[in-house]
Protein chains: 2
Amino acid sequence: MDLSERKLKILQAIVADFISSAEPIGSRTLSKKYDMGISPATIRNEMSDLEDMGYLTHPHTSAGRVPSDKAYRLYVNNLMQKYEIPEEDKQIISEKLTTNVMELERTIKHAASLLSDLTNLASFAITPNQESNKLKHINFLPVDKYSVVLMIVTESGRVINTTIKLKTAYTEENLNLLSRVMTYNYKGKTLSDILTLDIIKTFESDIEAMSRLVETIKPNFISTLENMLDVELYMDGLANIFSIPEYNDIEKAKVFLDIINQRKQFTDVLINRENGVIITIGNENKEDLMRDCSLITATYHVNGKLVGKLGVIGPTRMRYDEVTSIIEYMTDNISETFKVTGGDKDYE
Amino acid sequence: MDLSERKLKILQAIVADFISSAEPIGSRTLSKKYDMGISPATIRNEMSDLEDMGYLTHPHTSAGRVPSDKAYRLYVNNLMQKYEIPEEDKQIISEKLTTNVMELERTIKHAASLLSDLTNLASFAITPNQESNKLKHINFLPVDKYSVVLMIVTESGRVINTTIKLKTAYTEENLNLLSRVMTYNYKGKTLSDILTLDIIKTFESDIEAMSRLVETIKPNFISTLENMLDVELYMDGLANIFSIPEYNDIEKAKVFLDIINQRKQFTDVLINRENGVIITIGNENKEDLMRDCSLITATYHVNGKLVGKLGVIGPTRMRYDEVTSIIEYMTDNISETFKVTGGDKDYE
DNA sequence: TTTAGCACTCACTTGATAAGAGTGCTAACA
DNA sequence: TGTTAGCACTCTTATCAAGTGAGTGCTAAA
């Protein structure tokens, strides 16, 4: 059934008002505040219809009306107007997210922090899934007599390194050889292929000294690759939640913290969300604990390919227009910063 | 004035009971529960004396007694017994903190997470202050036509790297030369000296191509060093706080989150604490917001020299014995993992 | 010095009452 | 037939009074 013009107007007023006031809104207040040329009684009739259709609910008989998840969905899809981010906010965002030092982790952390500041909600971000990231080269560098640094560079421009302590001394020649052999073998393969497809074992050697070297290095190499594959979750602005009326009740606040505390599960939820700007409202979320929350996420790109996510979580009553615009603007900025330019002609 | 044996016994019973129950304890309950051979009336007299001396307080006339900060201090200094960490906990700790991959950040993060799990409090950790860390060598490595990786290795074994995008192409020879010149100039100097004492400008060059290279690299080098000097703060277990009766009141919980939310200030507080195991109770803390909290920190060492900190924050009513033991055991473990062995004979 | 007894205090609970906001229904009106 | 005014009804919230129980402080006796 279609909603009449008037019903839409009333619904929009209720949603907008409730988002800013957090108080159930009654017919009398509505007619006074929004001056829509009809009496409270008429509004009551319309409200009653809207309630039958599932757009409004009633905390108890003598309270005003509150929008349902369905109403928020309608609002987000049809009624909501585009929010223009103030110039100064835009400036702050680009300033903080544009660095010439290419440190993804740092930038993402900043992004999460900034996002929660701007929206007054709890924010989060995950680093890209690296499974399809391809290896570019591997380098072992001498540090001192018994330690070397393992450095792995991927096609997306990500560099990771670890110090490895050896039990026996090594020669520089062996180290160089190993770097070259491994690079030759693994270059262009995805990280997960290297780990799963047993490619690993190919780098063993006949030469005695080399074989000893490989032996100590192998487990370190594997665990470093595994670390690299882990998707990192950053969160910020949790304290903001306690300024929101919905979470004045300590029990509700605890539920909220529970969601976030199970980092592993929460990360999985984020990974499995579709790409692009995605809004899920209340019971649209599959996870029980999140039935009272809304989640907004958007994706950013690294090297135009790898995909990470940035978003907020909060009560279903939130500024969908504002939050959506800000998140989208931020992810665009991040993607811009990390679109690797070079890469046409490789070194070597 | 010295406390009689009996007063000490009563005080100890009150502190211990209050720590586990969080309820003010009355004379009658005390005499029944702890069976100390004297009547409630006698206990009342002693309690009254203890209150005059400042060891106990009174939420209101008809409530039981509650230990003051002074009582906790006495308890921590004299009455508290050494807590023996269960074997299984010890095992979990060493297992999680001993890695052969030397990633300090990761280990510290795990430590904070584990610590909050074991104590049910909020935990935190800061990475070592790197100011006195000395540079060991600098390496520029080619990645592709327009990007190079800058790698800095310090004496403590810390390795950091960033990808730098250049505007113009470079030659491998120039890069090698630059690596060598910079290493030669800066080796053995502390990071803060390099940044502050204007040593930076020494690495300019007469040769045209080199000079262009140096120009783009210089700001990146500086900002990388600055990043390295930043002390990182990790926190975990914030949600634990909400299971503690003291923070059932949403207002109190907010104060607590405020402390932690001002990461910069909080980091400074931690940096300025003395080394070793330090316990500050309630109003012993200089910061107003922390007057209701106790802080326990201990220091860990990297390379036997650089000092980072690990600790918990919670209400003044906490298991000082247990928490202290656990933190100390953990920092010992971390120090053990990061005592760099080699270093006698440098590479080169 | 210790203890029993007793009056007193204060927080907390329960129940009753009143006020306020809002609904739903009915009947009148355009 | 849609709109509106009026009114009874419902439900929450605030307030107040009375009763209860845990605990103290003081006094006097053992």
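The values are calculated or read from the model by the stated rules, or taken from the named source; none is laboratory data. The structure presented is a predicted model; accordingly, all values stated were derived computationally and were not measured. Cβ placement follows ideal geometry from the backbone for every residue including glycine, while neighbour counts extend to all protein chains displayed. To get the accessible areas, we keep the full protein, side chains included, count just its heavy atoms, and leave off ligands, DNA and RNA. Shrake-Rupley method; radii C 1.70, N 1.55, O 1.52, S 1.80 Å.
Points worth noting:
- Residue B:56 meets all of the listed conditions (1) more than 16 Å from DNA strand D (Cβ to nearest atom); (2) at pLDDT 95 or above but one, namely (1).
- Hits in region A:18-76 (condition: among the basic types (Lys, Arg) and within 14 Å of residue A:316 (Cβ to Cβ)): A:70, A:73
- Checking each residue in region B:53-79 for being within 23 Å of the chain's Cα centre (by Cα) and open to solvent by 30 Å² or more (accessible area, probe 1.4 Å) picks out B:69, B:73, B:77.
- Scanning region B:236-258 for residues that are of a type in the set (A, V, I, L, M, F, W, C), in contact (Cβ under 8 Å) with a residue 12 or more places away in the chain and facing chain A (nearest Cβ under 10 Å) yields B:238, B:241, B:253, B:256, B:257.
- Unmet criterion (only one of (1) open to solvent by 60 Å² or more (accessible area, probe 1.4 Å); (2) modelled with pLDDT under 90) for residue B:163: (1)
- Flag if residue B:184 is surrounded by 18 or more Cβ atoms within 10 Å (Cβ to Cβ) and either of a type outside the set (Asp, Glu) or modelled with pLDDT of 90 or more (or both): no
- Scan of region B:59-78 for residues that are without any contact (Cβ under 8 Å) to a residue 12 or more places away in the chain and either within 14 Å of chain A (Cβ to nearest Cβ) or near DNA strand D (Cβ under 10 Å from one of its atoms) (or both), ordered by number: B:60, B:61, B:62
- Selection within region A:120-140: residues that are in contact with a strand residue (DSSP E or B) (Cβ under 6 Å, 6 or more places away or on another chain) and open to solvent by 20 Å² or more (accessible area, probe 1.4 Å). The member of this set that is nearest to the other protein chains (Cβ to nearest Cβ) is A:139.
- Test for residue B:85: is it more than 14 Å from every other protein chain (Cβ to nearest Cβ), closer than 24 Å to residue B:301 by Cβ, open to solvent by less than 10 Å² (accessible area, probe 1.4 Å) and away from DNA strand D (no atom under 16 Å from the Cβ): no
- Residue that is at pLDDT 90 or above and open to solvent by less than 60 Å² (accessible area, probe 1.4 Å), where the choices are A:144, A:193: A:193
- Selection count, region A:88-119, where residues are open to solvent by 10 Å² or more (accessible area, probe 1.4 Å) and in contact with a His (Cβ under 8 Å, 6 or more places away or on another chain): 1
- Test: residue in region A:255-275 that is in contact with a Phe, Trp or Tyr (Cβ under 8 Å, 6 or more places away or on another chain), polar (S, T, N, Q) and modelled with pLDDT of 95 or more: no
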